[in-house]
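Let me begin by presenting the structure, written as structure tokens, before commenting on it.
The values are calculated or read from the model by the stated rules, or taken from the named source; none is laboratory data. Computed from a prediction, not measured in an experiment: that's the story for all the values here. Methodologically, a virtual Cβ is constructed for each residue, glycine included, from the backbone with ideal geometry; neighbour enumeration extends over all protein chains shown.
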Amino acid sequence: VDLWSQLGQAIEEGSLHLEYQPQVALASGCVQSVEALLRWDHPQYGSIRPDTMVRAAEGTDLMPRLTHWVFNTALRQCAEYRQAGLDAGISVNFSADDLQEREVVDLVAQSLEVWQVPAESVTVELTETAVMESHDAEARAALHGMKDLGLRVSMDDFGIGYSSMERLLRMPLDELKIDMTFVHELVSSRPHQRIVESMIGLGQKMGLSVVAEGVEDQETLDRLRALGCDLVQGFYLGRPARLAQFMEQTRAGR
Ligand code: G
Ligand code: G
Ligand code: NA
Ligand code: MN
């Protein structure tokens with residue numbers, strides 16, 4: 001099958017959608033930001049994972065189109081829930097490829113302008129791999145361009161892959177997201193607990209806000225609170241859901 005051409009068609013036809021998952025501040029209990037997650041319910045193959053879509057698009061002109069669609073849709077829907085009274089930001093995933101695009105900063109600026117979402121309420125989530133590859137001048141310019149617009153930058157999946165302290169020093173980061181593999185073992189394993197505690201300390205000493213993802217139960221939540229983590233995200237706080245259901249759930253939880 002030519003997933004690539006079907007993905008192109010799906011963008012055209014509007015058959016992709018985003019799901020939203022809350023990131024809750026532990027101190028206040030408020031939803032501080034909302035992660036937008038790309039979804040494609042394919043008529044024949046069922047739900048296709050975002051990584052599969054990104055792999056199909058990367059290296060082609062589909063990638064900037066996909067990212068633009070995601071970013072613009074996320075900001076439009078963010079404007080919608082803010083209008084409805086949910087005072088929360090939006091977190092959008094970018095791939096390594098996105099930082100190679102000359103126009104990415106302009107497209108981001110355009111969407112901010114169109115939907116009137118304040119830049120400081122928008123977080124760009126990058127994986128360590130993306131951040132690692134952002135060594136080259138092009139990617140660094142894109143990252144700094146987004147920072148200059150006022151966006152926040154988050155390092156996703158921290159702790160797996162290519163962490164380097166040197167990179168932490170040199171990237172214009174605002175946030176660290178501790179990978180869920182660490183969070184899942186937090187209650188059952190002392191070594192995991194020590195690692196998570198250290199990651200929280202490291203992030204906070206660097207002046208970053210620290211998010212734990214993959215929180216699935218109360219015990220893990222309590223432990224993260226005791227460790228002073230800033231934000232939590234996971235099925236226990238809210239499953240990814242389409243906008244209408246997300247807004248319904250969030251209203252019910254307030
Ligand atoms: O939502 P799910 O667990 O299937 O996400 C799997 C991976 O896909 C995660 O690493 C997530 O960051 C990534 N992802 C989700 N949505 C997007 C998107 O819109 N763009 C990019 N580049 N990655 C995404
Ligand atoms: O890599 P990234 O952090 O973007 O991946 C987010 C993915 O993790 C989403 O696809 C989302 O569906 C999934 N996810 C969110 N919360 C939980 C959770 O509590 N447990 C598990 N196993 N997955 C989660
Ligand atoms: Na993410
Ligand atoms: Mn992650």
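Below is a table of values for the structure above.
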read-out	value
Residue ID - surrounded by the fewest Cβ atoms within 10 Å (Cβ to Cβ), chosen from residues in the range 1-47 that are without any contact (Cβ under 8 Å) to a residue 24 or more places away in the chain and part of a helix (DSSP H, G or I)	Glu13
Top-ranked residue of the range 48-76 - restricted to ones that are charged (D, E, K, R), farther than 13 Å from Ile11 by Cα and in a loop (DSSP other than H, G, I, E, B), ranked as farthest from the chain's Cα centre (by Cα)	Glu58
Among residues of the range 236-254, those that are in a loop (DSSP other than H, G, I, E, B) and either within 17 Å of Asp157 (Cα to Cα) or at pLDDT below 95 (or both), counted	1
Tally, over the range 43-91, of residues that are away from ligand 1 (no atom under 16 Å from the Cβ) and among the hydroxyl-bearing types (Ser, Thr, Tyr)	1
Single residue of the range 78-104 satisfying the filter (at pLDDT below 95 and more than 16 Å from ligand 2 (Cβ to nearest atom)) that is nearest to the chain's Cα centre (by Cα)	Leu99
Identity of the residue in the range 161-186, surrounded by fewer than 14 Cβ atoms within 10 Å (Cβ to Cβ) and farther than 16 Å from Phe94 by Cβ, that ends up nearest to ligand 4 (Cβ to nearest atom)	Thr181
Residue in the range 195-204 that is in contact (Cβ under 8 Å) with a residue 60 or more places away in the chain and in contact with a strand residue (DSSP E or B) (Cβ under 9 Å, 6 or more places away or on another chain) present	no
Failed item, numbered, when Glu197 is tested on (1) crowded, with 19+ Cβ neighbours inside 10 Å; (2) out of contact with any helix residue (DSSP H, G or I) (no Cβ under 8 Å at 6 or more places or on another chain)	(1)
Residues (more than 14 Å from ligand 3 (Cβ to nearest atom) and surrounded by fewer than 18 Cβ atoms within 10 Å (Cβ to Cβ)) located in the range 148-160	Asp148, Leu149, Gly150
The range 234-254 residues that are under 16 Å from Ile90 (Cβ atoms), paired with ones that are modelled with pLDDT under 95 and surrounded by 12 or more Cβ atoms within 10 Å (Cβ to Cβ) (beta carbon under 9 Å, 6 or more apart)	Gly238/Gln249; Gly238/Thr250; Gly238/Gly253; Ala241/Gln249
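So that you can scan it fast, the table gives a plain yes or no per residue for (1) under 20 Å from Glu213 (Cβ atoms); (2) outside any helix (DSSP H, G or I); (3) not hydrophobic (A, V, I, L, M, F, W, C):
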| position | (1), (2), (3) |
| --- | --- |
| Cys78 | yes, no, no |
| Gly85 | no, yes, yes |
| Val92 | yes, yes, no |
| Arg102 | no, yes, yes |
| Ser111 | no, no, yes |
| Glu120 | no, no, yes |
